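For reference, the structure is listed below as structure tokens.
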Amino acid sequence: MKTVAVISRKGGVGKTTIAHLLCVGAVWNGKAAALLHTDDRSPISCRRPYHYYDCRNPQNLMERASNLGSRSEAGLVVVDSGGNRPKHDAWIASNVDLVLIPLTLSPEDVSVALSHSDELREMASDVRFIINRMPPRTRLSAYDHDLLDQLGSADVIGHLGECRATRALLGNDPEDGMKTPPTVVNNAARSLYRDLTTAVNV
């Protein structure tokens, strides 16, 4: 199984949402998936078709990531890095196959993401970007295109449009398990996972 970490120094860019969507997308594409929760906030009560592990303890994270990553089956392990913890994120980045930095098309997000990616690449990490809340292509301004050019087309491996329904993935599941997400969420998950597998060998 391939291990991917979703990391950002910027809050509110959709780290946890994207982590869950990637797992949903993997499952809907017939692959095994697991999400490793490392954020300081309490884990949710999760009864889903992908595994969900409390890995706030670094030792638990190291053991779980190593065990899952060594499996030969096709699948995806996603580390939700949670908050901005530079040393912790650096350790995660050096122990996964790929780092994904989510961002929105704003000058601040692009600047932070580029600076962060440079630091991670100095540690030999493979780093790519996912754009969250991406406007439709027909509504992209010249300013938006300039920001995309700064990121580099080869490094942007996917995007997620405005999808408020994804918030349902961030809450506790009922006792009888996760209800089937709305079609718009399932489509977003499949698309994001396909973007990932098209761009890199996952």
When you go through (1) part of a helix (DSSP H, G or I); (2) exposed (fewer than 14 other Cβ atoms within 10 Å of the Cβ); (3) among the aliphatic types (A, V, I, L, M) one by one for A188, which number turns out not to apply?
(2)
So, first residue in contact (Cβ under 8 Å) with a residue 60 or more places away in the chain and closer than 19 Å to T16 by Cβ in segment 95-107, second residue basic (K, R) and part of a strand (DSSP E or B), Cβ within less than 6 Å, six or more apart or across chains; the pairs are L100/R128
Quick check on my filter: what residues within segment 130-183 are part of a loop (DSSP other than H, G, I, E, B) and small (G, A, S)?
S141, G152, S153, A154, G161, G171, G177
Restricting to segment 1-10, what's the tally of residues that are touching a Pro at 6+ places or on another chain (Cβ under 7 Å) and part of a strand (DSSP E or B)?
1
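Residue by residue, here is whether (1) touching a Cys at 6+ places or on another chain (Cβ under 6 Å); (2) free of Cβ contacts under 8 Å to residues at least 12 places away in the same chain; (3) hydrophobic (A, V, I, L, M, F, W, C) holds:
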{"position": "W28", "(1), (2), (3)": "no, no, yes"}
{"position": "I44", "(1), (2), (3)": "no, no, yes"}
{"position": "Y53", "(1), (2), (3)": "no, no, no"}
{"position": "N57", "(1), (2), (3)": "no, yes, no"}
{"position": "R85", "(1), (2), (3)": "no, yes, no"}
{"position": "I130", "(1), (2), (3)": "no, no, yes"}
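Run down L160, L169 and say which single residue is touching a Pro at 6+ places or on another chain (Cβ under 9 Å), more than 24 Å from V110 (Cβ to Cβ) and either surrounded by 12 or more Cβ atoms within 10 Å (Cβ to Cβ) or at pLDDT 90 or above (or both).
That would be L169, the only listed residue that is touching a Pro at 6+ places or on another chain (Cβ under 9 Å), more than 24 Å from V110 (Cβ to Cβ) and either surrounded by 12 or more Cβ atoms within 10 Å (Cβ to Cβ) or at pLDDT 90 or above (or both).
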Quick check on segment 191-202: of everything there that is part of a helix (DSSP H, G or I) and touching a helix residue (DSSP H, G or I) at 6+ places or on another chain (Cβ under 8 Å), which residue is surrounded by the fewest Cβ atoms within 10 Å (Cβ to Cβ)?
R194
In segment 29-38, is there at least one residue being in contact with a helix residue (DSSP H, G or I) (Cβ under 7 Å, 6 or more places away or on another chain), surrounded by fewer than 19 Cβ atoms within 10 Å (Cβ to Cβ) and among the polar types (S, T, N, Q)?
yes
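The values are calculated or read from the model by the stated rules, or taken from the named source; none is laboratory data. In this text, all values refer to a predicted model and were calculated from it rather than measured experimentally. Cβ atoms come from the backbone with ideal geometry, glycine included; neighbour counts cover every protein chain shown.
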